[in-house]
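Down below is the structure, laid out as structure tokens.
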Amino acid sequence: MKPIWISTSKVSELLKISERHVRNRLSLWEYKWEEENGRKVLKINARSLPKEACDRYILETLPEVEEVQAVAPTQEDIESTNRAYERATSRSKKNFDKWSVILSKCEGIQGTRELERFVESWNQSHPDMKTSVQSIYRQRSVVADFGKIALINHREIMGSTVKDRWFDDFKQAYLTANKLSVFSARMIALGMAIDRGEVKGDKDFPSKSAFTRRLQREVSPDVIYFAREGKKKFYDNKGYHLDRDYSDMNAGQVWVGDTRTWDVFVKVPGQEKPATCYITLFMDFRTYMPMGWCLHHTSPGTENTLRAIRNGIERYGLPEEIYVDNGREYRNKDFSGQSRGHKIVEDEQYTESLASRLDIKMHFAIVKNARAKIIERQFLVIKNGFDRLFNSFKGGTVVEKPEPLKGVLKSGDFLTWDEFAMLADRYLREVFPGLPCQGKVHEGKTRSELWNELIVKREPMRRVSRETLSLLTSRTVSGKIVHMGFHIAALDAWYWAEWMPVWKGREVMLRYDPDDMRTAWCYDADKKLIGECTLQQAVGAMVKDDDAIGKAQIAEGVARKNREEKLLKEIVPEMTKEQAAEYIGAMRTAVGPQDIFIPQGPTHLTRHDKDSSVLKADKLVGNADFINMLGEDFEEETPSDLWDELANG
């Protein structure tokens, strides 16, 4: 340390003793004689004086600098370091142990050449703890600034080698829906840096790991997911979802409905190619129990929706509310009374719709917000638990498509529509209700267990009469009665009844059941029942049995496989069409018998019941229109109002 030579008078002032006393005690300090202006002067080294006097002199002689803040020297807090070490991860502890040893061994070694010789010797004797001169310099600098605790929290304290501009170029390439790899995004950033003259080549540029570490440290994983996977997938998997409170909802109160395509190919009569099929399902909102469904291989339509709702009402009773999407099979005058293309007004439903007649409140999901329907997740459960059992499983996407599917379809060894529909119906009745749910509502209970637990705590669901049920799946068509009766042009079907001659030329509305078209019901312009009529001409394929259509020819067998493929077939047996029935039977045994409690509620009377009573009265006393044709003198005794009697008693 460089000496500071001061006069004896200054020493006397610092020590607060006389100058004579200072000269008598020269042996205590370092001193020398200097020639000054032709004479010898005694000088004493201030650093040899007591520490308090030396520090006082140094502070007095410091130059005055405005707004200078004194920085306390870094002191090692051993207790904080020990606590940080105890809480650190194993990786941080390993880093601390490594660099504590290395920095201790190379302490006092200065100069790049000396450090290079140390590093070479160290790496040879410690191959599992290799280092470099640059790393030693970097760690020395960090420890000097932050202390040894920096060796534990090194990732928080040490800065990234990736410069901000390079990182921005990397993010712009990586955080896109094109899903470029880290390698490609880094190469783009490297090329831009070379063009700007910031680096010469790849050796001067940070590695892929450096870019990845900074990305993970500065960008949230959800932000990365949103940028690379897109908005829809983000909100489906990671977006904000409202938690529903089911505590105030009764079992069977709200039904949610939708239609899905089965991911299975089947043989449909009259079609040469393998066909897909559909299910229209209504499910209880609270318990996820399947209420009613319709299996069909025709395109989704109102007929299938009405059949599905009738299936559920016939078994369980009437729901209070129904929740569906905005599909054409739901937004129409026959089902909901709310037509597509018009604003939804839940309190103004078409009076002849099913919802209005049965006093059911309709709710429609927000457009393009299918996540709001819990039935979508249940469809996924059905897909994974049922669709995948069949050898003709086609998957929902090209990625899911099984490799053997092409051979199965070519051989024709897969189920017919009737066989598939029978197994699907059995699965929904006997297997699906017995599967446990792990959600917060079910807490591991099966759908049937939660249903049985809640249904006994509420009043029984309303019921409807057989007459009303028979008209639930009916469709309506308007037209005039002509000389041959009422004609449905779309079906080329004619209906006739004895009362029609007096109604020729009038506008009426005909209601018919697509499943059984033998009988239809006719209403006047005021929606009052006129009478029944019968089908006079068949409707082609609509009233013919499926068995009447010739079977499709089976394609030739699969060509011979090579020896390797034969060996794989022996090791991994292929799925057969019989296995689906075996699997469903096994699953039925696994879940046990489903003893589902169905309470019998009061009968909900509708206009169909009144119309039915009118028809019964007409058969007993005759049709009023024929009586009117007899003349004004004919007197008829006024019959009692059967509808009022039914409603009151």
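The values are calculated or read from the model by the stated rules, or taken from the named source; none is laboratory data. Since the structure is predicted, the reported quantities are computational estimates derived from the model, not experimental observations. A quick note on method: Cβ atoms are made from the backbone with ideal geometry, for glycine too, and the neighbour counts reach across all protein chains shown. All accessible areas refer to the heavy atoms of the entire protein, side chains included, with ligands and DNA or RNA removed. Shrake-Rupley method; radii C 1.70, N 1.55, O 1.52, S 1.80 Å.
Observations on the structure shown:
- Lysine pairs within segment 164-320, Cα separation less than 16 Å, 8 or more sequence positions apart or different chains: 6
- Here the peptides 475-486, 190-201 are ranked by packing, the mean other Cβ count within 10 Å, and the order with the highest first is 475-486, 190-201.
- Greater than 22 Å apart at Cα, pairs in 504/610; 94/148; 105/148; 504/616; 333/361: 504/610; 504/616
- Accessible area of segment 166-235 belonging to carbon and sulfur atoms, whole % at 1.4 Å probe: 53 percent
- For segment 456-498: rounded, prolate or oblate by the Cα gyration tensor [a/c cutoff 1.5]: prolate
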